[in-house]
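Trainee: My structure is below; once you've seen it, I'll send some questions.
The values are calculated or read from the model by the stated rules, or taken from the named source; none is laboratory data. Predicted model, so just to flag it, every value in this text is computed and none were measured. Don't worry about glycine lacking a Cβ; one is built from the backbone with ideal geometry, like all the others, and counts go over all protein chains shown.
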Amino acid sequence: MIFQRALRRELISNAGAVFTTLFTITITVMLIRILGQAAGGQVGSQDVVALIGFSALNYLPVLLILTGFISVLLVVTRSYQDSEMVVWFASGLSLSRWIRPVLGFGMPVVILTAVLSFFVTPWANQQSAEFRERFEKREDLSRVSPGKFQESASADRIFFVEGIASDASRVRNVFVNTVRDGKTSVVAAREGRIEFDRRGDKFLILQNGRRYDGSPSQPDFQLMQFERYGVLVSQQSSSAAGDRAARALSTQQLIAEPTAFNLGELLWRIALPLMCLLLMLLAVPLGFINPRGGRSGNLLVALFLFILYSNMTSIFQAAVVQKRMSLADAVWPVHLVAALLVLLLFIWRINVNSPKHPLVLWGRFKHAISASKAAS
């Protein structure tokens, strides 16, 4: 009990230091990125603090996974470095006795990661998308100067707006001249506004107007009257739109609408708490070092395994999105391999003094070779 309490205090202390460091680095990077977007006119300057908060919530599950993994690894490594593990093993205790206190420390982290992954992160992504969409709508209309003809970025369309509503959400008396494939189309409407569809495509919605196609002197001239007419302003790629939409959906919506993007996002959300649990267990046997050596070797191996684990999960997620695998087939292989690796490393460390252990056999082999060389 004394050992478990001391170990829990040390784990919490290390976790606080690791999380503070990782969170500070993440917030700094996000602050630079979002301030750059605000300076470039991509987001509103008044929304910077809110967007940083939403982005922080989005990255919190990964930060918690790294915090738990690195904290356990540092504590186990320090125990080997200070020769405490020698006393531990000399007392007849096994490395497996570390599992219970590590789980006692790690289960709240796993539960918090699951809550963030399944509930908080989707809400944060949805709020961030709404902030950006609201700014894009306001910004598109605020760029329009009343009483002036303005050319679009693609140089195939000319806009004219007589006035802007007081709330900057609508424009009045709109004129749009479009030239495509040598054909001219003119649209005049009483009012208009910017809207986004579910795919993320941007439309200028015009109301109560007319459309003129072609030249009045040509036989193919057409005149149409409309109550509502949409002009495509910009189009988003289907993959980017589907990915963003899935991230902003709640877990219940992902299950209710099992599209490829939604199933891929669901796989990622399921993977995060499992990854958190397995990596903390993996850190126990992975923390072994030679007391006379340095600490950096196993830390580099641990970071490599975390990157490999995360990337393999992303590969299976992409396979689900591309419909090359079903969710049922893709959700378990990576975690099964990680669980087997944890089991094998525990067996390796627990039976290190066994006469059949690979290291003992390798030592005997080298001793036999040295003896044969000496005899000859």
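Trainee: Anything in the range 294-318 that is out of contact with any helix residue (DSSP H, G or I) (no Cβ under 6 Å at 6 or more places or on another chain) and more than 30 Å from ARG78 (Cα to Cα)? List them, or say none.
Mentor: SER314, ILE315, ALA318 - these are the residues of the range 294-318 that are out of contact with any helix residue (DSSP H, G or I) (no Cβ under 6 Å at 6 or more places or on another chain) and more than 30 Å from ARG78 (Cα to Cα).
Trainee: From VAL102, VAL110, which residue is out of contact with any His (no Cβ under 7 Å at 6 or more places or on another chain), within 20 Å of LEU345 (Cβ to Cβ) and modelled with pLDDT of 95 or more?
Mentor: VAL110
Trainee: Condition test on MET30, is it more than 17 Å from LEU279 (Cβ to Cβ), surrounded by fewer than 20 Cβ atoms within 10 Å (Cβ to Cβ) and in contact with a Ser or Thr (Cβ under 7 Å, 6 or more places away or on another chain)? Quick ask: steps written out before the conclusion?
Mentor: On the way: more than 17 Å from LEU279 (Cβ to Cβ): yes; surrounded by fewer than 20 Cβ atoms within 10 Å (Cβ to Cβ): yes; in contact with a Ser or Thr (Cβ under 7 Å, 6 or more places away or on another chain): yes.
In short, yes.
Trainee: Further question: With the condition kept exactly as written, say whether any residue in the range 197-206 is over 29 Å from GLU257 (Cβ atoms), touching a Gly at 6+ places or on another chain (Cβ under 9 Å), modelled with pLDDT of 75 or more and not charged (D, E, K, R). Talk me through it step by step, then tell me what you get.
Mentor: Looking only at the range 197-206, we keep the residues that are over 29 Å from GLU257 (Cβ atoms), and these are 206.
Adding the requirement that they be touching a Gly at 6+ places or on another chain (Cβ under 9 Å) leaves 206.
Filter once more, so that each one left must be modelled with pLDDT of 75 or more: 206.
So of that shortlist, the ones also not charged (D, E, K, R) come out as 206.
There is at least one residue in the range 197-206 that is over 29 Å from GLU257 (Cβ atoms), touching a Gly at 6+ places or on another chain (Cβ under 9 Å), modelled with pLDDT of 75 or more and not charged (D, E, K, R).
Trainee: Inspect the range 185-194 for any residue being surrounded by 14 or more Cβ atoms within 10 Å (Cβ to Cβ), at pLDDT below 75 and assigned to a strand (DSSP E or B) and give the result as yes or no.
Mentor: Looking for residues that are surrounded by 14 or more Cβ atoms within 10 Å (Cβ to Cβ), at pLDDT below 75 and assigned to a strand (DSSP E or B), one finds at least one in the range 185-194, hence yes.
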